[in-house]
There are 2 protein chains.
Amino acid sequence: MLKNIHPLLTPELLKVLAEMGHGDEIAVVDANFTAASLAAAHGRVLRLSGAGLVAACDAVLSLLPLDVDDPGPVAFMQHGAMPAGQPSPLQARVIDAVQRVGGVPARACEAMERFAFYERVRRAWAIVQTSEAQPFGNFLFKKGVILAQQA
Amino acid sequence: MLKNIHPLLTPELLKVLAEMGHGDEIAVVDANFTAASLAAAHGRVLRLSGAGLVAACDAVLSLLPLDVDDPGPVAFMQHGAMPAGQPSPLQARVIDAVQRVGGVPARACEAMERFAFYERVRRAWAIVQTSEAQPFGNFLFKKGVILAQQA
C-alpha cells in the first residue's frame, strides 16, 4: 500500500504503467478474454483476480495519462448484442470512468470488431486480466504524455 | 511518466516501494555508499544516477507511508565531523522533507554509527543509490501502513 495510490495497483502493474511511453497501449480485460495467448510473445499478463472491470479501469486511469492528441485513445470490443458503436451497460460505466478520471470525452472511445480488437491487443505492452464475468468487458488505453508543468 | 507521480520514481522503484510491507525498510544513499556489496544477497540496488539525496528522498516519501508506530522510522548515518546525534546540513534537509512530506517529527530520525547503519541496510528490502556527492548522505526509511479511510 502506498500513499494516494489505488489499492488495485499491484507492484507489477505500477511498474508496467510507468515503463510505458507515449503511444504504448495497455489492455484491461474480462475473465474470459484470451490473455495468455495474445500476450505469449512478451508474457506480460497481470492478474487482478477478484476485481471487476470498472474498478480495474478506475485504478489504471488514476495514473495513466490518456493520449489526448490521438482521436481514439480508448477502444473497447464491440458487444455482439449491441448496435454498432454502442457500448453495453458495463462498457458505458468504463466510458464514464474514462471521462471522469481520464479527462477525455466519450467520443474518444472507439468500438472495435472482436478480431480487430485482438490484433490491437497483440501489440499492446501488457494485458491486465480481471475477474469480470460480464461478456465483452475488454478495453484498450493508449498512453499520453505529462509535461513539466502538469507534474 | 504518470499522473501525480514524482518523476524520479522509476518503474523499478515504484514496484519496490509497492511490494514493501509494514516494517520493511528502504535505504537511500549517496554515490560513495557500499550499495552493491550490502545488497549482494538480494541484488535490489536501484540507481537514480543524476539525482541528489534530497530529491530522491522527496520522491520516496511522496508515496511511502512511514511507520508512525515505531519510535525511529527514519535513520541516518552519523556524520564523522558532527556532534553525536546532530545531522549535517545535507541530512537536515532530508529531515525537513521527512517532516514536510512524511508527516513525522524530526525526533523520529535516529543518527546511527556507520557500521551499525551498514548492518541495518543489509536487512533492508532495497537500496536506492543517488549521485549525491556530499559525504554521509545515507538514510533508511521504515514503511508503515495505510488504512482504508486514508486510501
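Computed from the coordinates by the stated procedures, all read-outs in this text should not be read as laboratory data. Predicted model, so just to flag it, every value in this text is computed and none were measured. All Cβ positions, glycine included, derive from the backbone under ideal geometry; neighbour counts span all protein chains shown.
Could you check, for segment B:17-30, whether at least one of its residues is farther than 23 Å from A:ALA148 by Cα, in contact with a helix residue (DSSP H, G or I) (Cβ under 9 Å, 6 or more places away or on another chain) and exposed (fewer than 15 other Cβ atoms within 10 Å of the Cβ)? No - not one qualifying residue is present in segment B:17-30. Tell me, yes or no, whether segment B:15-24 has at least one residue that is more than 26 Å from A:LYS143 (Cα to Cα) and not in a loop (DSSP other than H, G, I, E, B). Looking for residues that are more than 26 Å from A:LYS143 (Cα to Cα) and not in a loop (DSSP other than H, G, I, E, B), one finds none in segment B:15-24, hence no. Annotation for segment B:46-62: at least one member residue is within 12 Å of the chain's Cα centre (by Cα) and among the acidic types (Asp, Glu).
For the residues A:GLY50, A:GLY43, A:GLY23, A:GLY85, the requirement of being on the phi > 0 side of the Ramachandran plot and within 14 Å of another protein chain (Cβ to nearest Cβ) singles out A:GLY23. Confirm whether A:GLY137 is out of contact with any Phe, Trp or Tyr (no Cβ under 7 Å at 6 or more places or on another chain), touching a residue at least 60 places away in the same chain (Cβ under 8 Å) and more than 20 Å from A:ASP24 (Cβ to Cβ). Yes: the conditions hold for A:GLY137.
Is it the case that some residue within segment B:94-107 is farther than 30 Å from B:LEU2 by Cα and of a type in the set (Asp, Glu)? Checked segment B:94-107: no residue is farther than 30 Å from B:LEU2 by Cα and of a type in the set (Asp, Glu). For B:ALA36, the requirement of being crowded, with 21+ Cβ neighbours inside 10 Å, under 20 Å from B:TYR118 (Cα atoms) and either away from chain A (no Cβ under 14 Å) or of a type in the set (Lys, Arg) (or both) is not met. Of all residues in segment B:100-116, those being crowded, with 16+ Cβ neighbours inside 10 Å and farther than 12 Å from B:PHE141 by Cα number 3.
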